[in-house]
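> One structure follows; several queries about it will come next.
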Amino acid sequence: MAHLVLPWRRYGTPALIAFLLFLNSSLYASDETVVNDADGARLTLDTDVVVPDGLWETPREPLLVTPEPGLDEIPREEASSSDPAPSATLALPPPLDPPPLKAFAVMLDWYLSPQHAALVIAKERELFEDQGLDVELLSPADPTLPLKLLAAGEVELALTREPILHLQAHAGEPLVRVGTLVETPLNAVIVTRSTASVDEPASLAGLRYGFSTREGESVVAERLVPQSIRQTDDFVEPVNVHFDAAAAVVDGRVDVIADGYYATLPDQLAPEGIDSRVIHYEEIDIPRHDGLVVVANATTLAHTVQSIARFMTAVEQASHWMIDNPEAAWALVTERHPILDNEVNQAGWEALLRRMSLSPAAVNTRRYQAFEAYLLSRGIIETVLPVSRLAIDPHALQE
């Protein structure tokens, strides 16, 4: 077969092949007698074309990048069964430490009692901690101190009763209710003389009255003793028994306690041979009201409302757990505070649970309006305060 050797300069491969085909076709078309070599062989498409090495660009070898050990590829000779398999999975960072708990001081209205059970259970079941609060329950040395300490900013919350809240608010104290622990009054009039009757004012003339709070002095005693009785010669002004009602009755200093804790006081007097009867406030036309409320300092509420809302969330959880587990709740309270484990408290436990608030943050607006109206009608206050000045739902302030 004939060979055509072309002394051509170095061109790219595609251009050279195109040129050769063009030359071949041109020669063949112009003169069929043209020969390509000494043998006279005709140049056809089957003719082998030999390109000198100098005219052909040798393909470059692909650039191989050897991965560093520990990356996606490891040389076979360096890998071994003992080497850890490479992985693109990153280890999770260590868990962050939980934020520190916020110190939160709550001053009780007096010494610890079953009426504070929701607070005790919320603390013992770590419900406050779940809300980010380190709650400290404090008992005052003097029951008149809690609201004073709250107004001074020494504690975050304090406990009191709704009538006292009304009176203190009208006195200018920056107090506002943020929760309710007990929905009905825990106090009542305790009378130790069977002949006395609220329906017969004359039977009250010779009685001696005792009280422990402003509620008993300004609201209840004022209602029990009409002005006509107060003007008699044998009338004795009500005296402050300083939260020791049983001793005052036993010693003969008083015959009536205007604001006695009716769940326990009659049982305390019975062993002393003193019979007593309970006159609930509704029987003397004092409106139904919240028995035990949680109050905050209104001047700092904007800064504390989030913590207060979390506090009330924990209290609500504790209240529901108590209702669902009354026996376990009693066991938990008395185990943590053995001083509460006595027959009197145990006998009143079931009745107390029925009075616990299951929505402690919610406000019963009608109650606060009705009590303001009552105080105004009795001449105890001169103007009516709006409910928003007296009571709020801390959850509503966050919406």
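> For the range 354-399, rounded, prolate or oblate, judged on the Cα gyration tensor with a ≥ b ≥ c (square roots of eigenvalues), a/c < 1.5 rounded, else prolate if a/b > b/c?
oblate
> Taking 0.36 nm per residue of separation and subtracting the Cα-Cα distance, what length does fully extending ASN325 through ASP244 add? Walk me through the numbers on the way to the answer.
Details: separation 81, 0.36 × 81 = 29.16 nm, distance 3.25 nm.
Gain on extension, ASN325 to ASP244, equals 25.9 nm.
> What list of ³J(HN,Hα) couplings, whole Hz, do you get for the range 102-119 from phi and the Karplus terms 6.51, -1.76, 1.60, once you set θ to phi - 60° and write x for glycine and proline?
For the range 102-119, the Karplus curve yields 8, 5, 8, 9, 10, 9, 5, 6, 6, 5, 4, 8, x, 5, 9, 4, 4, 5 Hz.
> Once label points are set 7 Å from the Cα along Cα→Cβ at both SER228 and ALA302, what is their separation, rounded to one decimal in nm?
Distance between label points: 5.4 nm.
> On to the next question. Rounded, prolate or oblate, given the Cα gyration tensor of the range 208-345, with a/c below 1.5 counting as rounded?
Values: a/c = 2.59, a/b = 1.46, b/c = 1.77.
Oblate.
> Amide H neighbours of ALA391 under 5 Å, counting only residues 5+ apart in sequence or on other chains, H built in-plane at 1.01 Å?
ARG177
> So which GluC sites (Glu not before Pro) in the range 247-302 end up in coil per DSSP with only 14 or fewer other C-beta atoms within 10 Å?
Details: sites: GLU272, GLU282, GLU283; in loops: none.
Answer by residue number: there is no such site.
> With label points built 7 Å along Cα→Cβ from the Cα atoms of ILE274 and THR383, find their separation and express it in nm.
Result for the modelled spin labels: 4.3 nm.
> Something else about it: Would you please put 355-361, 160-166 in order of how densely packed they are, using the mean number of other Cβ atoms within 10 angstrom per residue and starting with the highest?
On the way: 355-361: 18.9, 160-166: 24.6.
Ranked from most to least packed, the peptides come out as 160-166, 355-361.
> Continuing with the same structure: On a full-extension model of 0.36 nm per residue, what is the gain between LYS148 and LEU376, subtracting their alpha-carbon distance, rounded to one decimal in nm? Mind showing how you got there, number by number?
Numbers: separation 228, 0.36 × 228 = 82.08 nm, distance 2.50 nm.
Once the chain is fully extended between LYS148 and LEU376, it gains 79.6 nm.
> Now, a different point. Pull up all non-local amide H partners of GLY260: gap of 5 or more, or a different chain, and H-to-H distance under 5 Å with H placed in the peptide plane.
The list, which skips near neighbours in sequence, is ALA188, ILE190.
> How much length would be gained if the chain were fully extended between ARG125 and LEU353, taking 0.36 nm per residue of separation minus their Cα-Cα distance, in nm to one decimal?
Additional length available on full extension: 80.3 nm.
> Then there is this: Using alpha carbons only, how many angstrom separate the centre of the range 118-156 from the centre of the range 204-282?
Here the answer is 30 Å between Cα centres.
Values in this text are rule-based calculations from the coordinates and carry no lab data. In this text the structure is predicted, and so the values were computed from the model without any measurement. Positions of Cβ are generated from backbone atoms using ideal geometry, with glycine treated the same way; all protein chains shown enter the neighbour counts.
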